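Have a look at the structure below, then the notes.
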Amino acid sequence: MHIARVKSSLPPLGDIGIICITDKQFGQMEIFSCKKMIEKKDIPQQLELF
């Protein structure tokens, strides 16, 4: 169903790849990231002026 829909709307240039995996395989996926963790800045205290 989904594959047929993708096939019917292929772009004129480029490639499309489809891989079918099970829910279990998706659940066992591991994601690695090399991004540096950014510390959340504290929200400064807001002052009220009269």
Requested in this report: Could you tell me which of the residues K24, K7 is surrounded by 10 or more Cβ atoms within 10 Å (Cβ to Cβ) and among the charged types (D, E, K, R)?
Outcome: K7
Query raised in the report: How about segment 1-34: which of its residues are in a loop (DSSP other than H, G, I, E, B) and of a type in the set (S, T, Y)?
Result: S9, T22, S33
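Any read-out appearing in this document is the output of simple, stated calculations on the displayed coordinates, not a laboratory observation. Being a predicted model, the structure only gives us computed values, none of them experimental. Every residue, glycine among them, receives a Cβ derived from its backbone with ideal geometry; neighbour counts consider all protein chains shown.
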